[in-house]
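Just below is one structure, and these are the notes that go with it.
Every number in this text was worked out from the coordinates using simple rules, so none of it is lab data. No experiment lies behind these values; they were computed from the predicted model shown. Neighbour counts run over all protein chains shown; Cβ positions are idealised from the backbone, glycine included.
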């Protein structure tokens, strides 16, 4: 109270005015801190959209093959494919791109993926071994497409997301090859090189 009494009314008004000005400067930044997202090229957007639906193809095939053959490998990998789908959905949302995924299992916006799904499911429904071979084939093709996606983008976040998908597909391929081995079948790669295949198996 003694200190306050030494300050004149005019001085107090001056101090309050100065304080208000300072608060105003602090609460109102001179620039916007909102980060901007660099738009994807048409090619990058097309690839991301395709990758989202390609992951659905894998999930849907495995979901149906699990219902048919009750082999745990299909169930476990279908759950992983759902996570991959979710990752791609987050990227679509980030770049404000429409989601091509249809809610029905086995239904696709891309007619080529629809035809491929129909073919793969039919092939995998003949025997359990055929189903496991279809799984391995899907993972081989996925790895090729994912590598093209990695090579075709300049966005670090997409490269990282695609790289994670690639590692996941390697794990899935190992699982299917192991399951085939348990059935007495030695799997031979159909789309990736023998050298790459052996490197994945040895990893």
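Report the relative contact order of the stretch 45-203, percent, no decimals, based on alpha-carbon pairs under 8 angstrom and at least 6 residues apart.
Result for the stretch 45-203 is 22 percent.
Could you give the length gained by full extension between residue 193 and residue 126, i.e. 0.36 nm per residue of separation minus their alpha carbon distance, to one decimal place? Walk me through the intermediate numbers first.
Numbers: separation 67, 0.36 × 67 = 24.12 nm, distance 2.67 nm.
Full extension from residue 193 to residue 126 adds 21.5 nm.
At q = 0.11, 0.12, 0.13, 0.16 Å⁻¹, what is the base-10 log of I(q)/I(0) for the stretch 42-202 according to the Debye formula with one equal point scatterer per Cα and no solvent? Please give it to two decimals.
One equal scatterer on each Cα of the stretch 42-202 leads to -0.41, -0.49, -0.58, -0.88.
Where does each of 41, 125 land when they are ranked from fewest to most other beta-carbon atoms within 10 angstrom?
If I rank by nearby Cβ atoms, fewest first, I get 41, 125.
Sorting 202, 99 on the 10 Å Cβ count, fewest up front, what's the list?
202, 99
Sort 162, 75 so the one with the fewest other Cβ atoms within 10 Å of its own Cβ comes first.
75, 162
Ranked highest first by the average count of other Cβ atoms within 10 Å around their residues, in what order do 165-175, 109-119 fall? Mind dumping the intermediate values first?
Working: 165-175: 19.7, 109-119: 14.2.
Top of the packing list down: 165-175, 109-119.
Mind giving me the nanometre distance, one decimal, between the label points for residue 166 and residue 36, set 7 Å out from Cα along Cα→Cβ?
Each label point is offset 7 Å from its Cα along the Cβ direction, giving 3.0 nm.
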